[in-house]
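Worksheet for the structure shown next.
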Ligand code: CUA
């Protein structure tokens, strides 16, 4: 019985490991080993150096252990003296050298990551603020754009990110573009991001920050320069204020049910600063920092009871009458480039 159980467990573990292995190789996996920019490429290079040196050391150690076992068996003698010189060289000097070299290489890479050679002066600087459990993304003063859980950048450009936290420790990580950088209370950390090709790159909080740490995701959307400029222009504008129809009624619902106490929509008088700015909500990739897709059904569920979808988050359930909810959804969904807020 025990053997059968052990066998089942071993089989389940093998299948799970194989699944993770396959996932890491798949196109969807946001893996550092499939870099999309110079930051991640540097990390990938260091990873392979560590991997190959570790592999060589492992093979040498295994051969040494086998040789010792075979020789002692043959000799039948376990009482001879240890070769002191061999222990000092193989056990102290060589490991010290290997670790010192890797320490030096990691310092070199850290310094190079701290300031890209090709960065424009002054660079485009975006401020990212970690909250439990979402990301506030602020574009430079003057652009007016404030979004959440997604960072649009121009492709092929070094973009400076200034990272802060509003509460606990978070860590900002886009595996395909850049290494992790912690967000530490009371200080601003600077890092850089650059994407070689247009695309959407998944990011994730990489430091345990409470119950919904796993639902603290974001995306970096790298766009050709003209597309990025058009997006930034749109995202920085005030939302158009609808004057009739369901969208106008929806805006009233937004203001009257208390949404506006926590959220802002620029240009409407809603200036709450607790939750994400919703000026561009119709255009976002997800609701709840990657918790559910951003569509009408999920938005409706989220507003009715956010605690069902993401327990522990700061937003309380909103008792909105069904007819009002339809108008509210129509209004919020219109806040995108092709909707009411179109430039
Ligand atoms: Cu934020 Cu984990």
For the chain, convex hull of alpha carbons as volume per residue, Å³: 198
For the range 184-336, rounded, prolate or oblate, judged on the Cα gyration tensor with a ≥ b ≥ c (square roots of eigenvalues), a/c < 1.5 rounded, else prolate if a/b > b/c? oblate
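Relative contact order (percent) for the chain, with alpha-carbon contacts under 8 angstrom and 6 or more residues of separation? Walk me through the numbers before you get to the answer.
Details: 563 pairs, mean separation 50.5, N = 343.
Computed value for the chain: 15 percent relative contact order.
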Looking only at 122, 140, 30, which one moves most when the chain is put into a Gaussian network model with springs between Cα atoms under 10 Å? 122
Fluctuation leader among 118, 235, 314 - the chain, Gaussian network, Cα springs under 10 angstrom: 118
The rounded separation in angstrom of the Cα centers of the range 246-316 and the range 162-200 is 25
Rounded tilt (10° steps) of 38-75 against the dominant C-alpha axis of the chain: 30
Can you classify the range 264-343 as rounded, prolate or oblate using the Cα gyration tensor, where a ≥ b ≥ c are the square roots of its eigenvalues, rounded means a/c under 1.5, and otherwise it's prolate if a/b beats b/c and oblate if not? rounded
What FRET efficiency comes out for residue 262 versus residue 230 if R0 is 35 angstrom and r is the Cβ-Cβ distance? Round to the nearest 0.05. 0.75
For the range 80-150, shape from the Cα gyration tensor axes a ≥ b ≥ c, cut at a/c of 1.5 then a/b versus b/c, turns out oblate
When the chain is treated as a GNM, springs tying every alpha-carbon pair under 10 Å, which of 160, 73, 108 comes out with the largest mean-square fluctuation? 73
Return the FRET efficiency for the residue pair residue 271, residue 105: r is the Cβ-Cβ distance, R0 is 41 Å, and the value is rounded to the nearest 0.05. 0.25
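Per DSSP H run of n ≥ 4, the term is -39500 (n - 2.57); total these for the chain, divide by its residue number, and report the mean residue ellipticity at 222 nm rounded to 500 deg cm²/dmol. Let's see the in-between values first.
Working: 10 runs with 141 residues, N = 343.
Only helices count here, giving -13500 deg cm²/dmol.
Computed from the coordinates by the stated procedures, all read-outs in this text should not be read as laboratory data. Computed from a prediction, not measured in an experiment: that's the story for all the values here. Glycine also receives a Cβ, built like all others from the backbone with ideal geometry; neighbour counts cover every protein chain displayed.
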